[in-house]
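Single-structure report; data block below.
Values in this text are rule-based calculations from the coordinates and carry no lab data. Just so you know, these numbers come straight off a predicted model, no measurement behind them. Positions of Cβ are generated from backbone atoms using ideal geometry, with glycine treated the same way; all protein chains shown enter the neighbour counts.
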Amino acid sequence: MPKKIATRKSTIHGNGMFAVAAIAKGERLIEYKGQRRTHEEVDAGESGDIESGHTFLFTLNDAWVIDANIEGNAARWINHSCAPNCEAVLVEDAGAPAKSRVFIEAIRAIKPGEELTYDYGITLAERHTGRLKKIWACRCGSKKCTGTMLKSKR
């Protein structure tokens, strides 16, 4: 199967993933890979710094996180958008929760040249203050942009 996505510089933030061929709605594009770590391990290290406004962490469940800072792949370059063209799909492994997997799938047809995006859905345990909303500012530029990647705790 020909490769349909590639990493390039993004106008949203740093690097991004882009379609290099037409992508159909529902197409599975890439698995989000990285080392499986516990929340405690992530919180104790530098990967979980909420002050950075930048993350390569993907929460699998209450115990496990995929840390794409370690052994991550190109999926970590997919940027957040308030009007995404992709979504993250969790495939749970009930017998071994640390082995659950995350795939990025198209939620609509995507044209060559379009940047792939999904809604990160970031919810922090801390109160979402104006300062944190600024740190986690969204730069997607969509008409639906909320100005922050943070989601309500509701």
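Relative to the Cα centre, the charge distribution of region 5-120, modelled as +1 at Lys and Arg Cβ and -1 at Asp and Glu Cβ, gives a dipole magnitude of about 660 debye. Evaluated at 37 °C with a viscosity of 0.692 mPa s, what Stokes-Einstein diffusion coefficient in µm²/s does region 5-120 have when Rh comes from the Kirkwood expression over alpha-carbon pairs? For the chosen part, D equals 224 µm²/s. Label positions at ALA137 and GLU31, each projected 7 Å from the Cα along the C-beta direction, are separated by 3.7 nm.
Residues whose amide H lies under 5 Å from that of ILE30, counting only those 5 or more places away or on a different chain, are ILE104; hydrogens are built 1.01 Å from N in the peptide plane. Put +1 on the Cβ of each Lys and Arg and -1 on the Cβ of each Asp and Glu in the chain; which of HIS13, ALA74, PHE103 then has its Cα farthest toward the positive end of the dipole? Farthest towards the positive end: HIS13.
For a modelled paramagnetic label at ASP43, 7 Å from Cα along Cα-to-Cβ, the residues of region 90-106 in reach, with backbone nitrogen under 19 Å, are 98. Protection proxy ranking, highest mean first, for peptides 73-84, 116-127: 73-84, 116-127, where packing is the per-residue count of other beta-carbon atoms within 10 Å, averaged.
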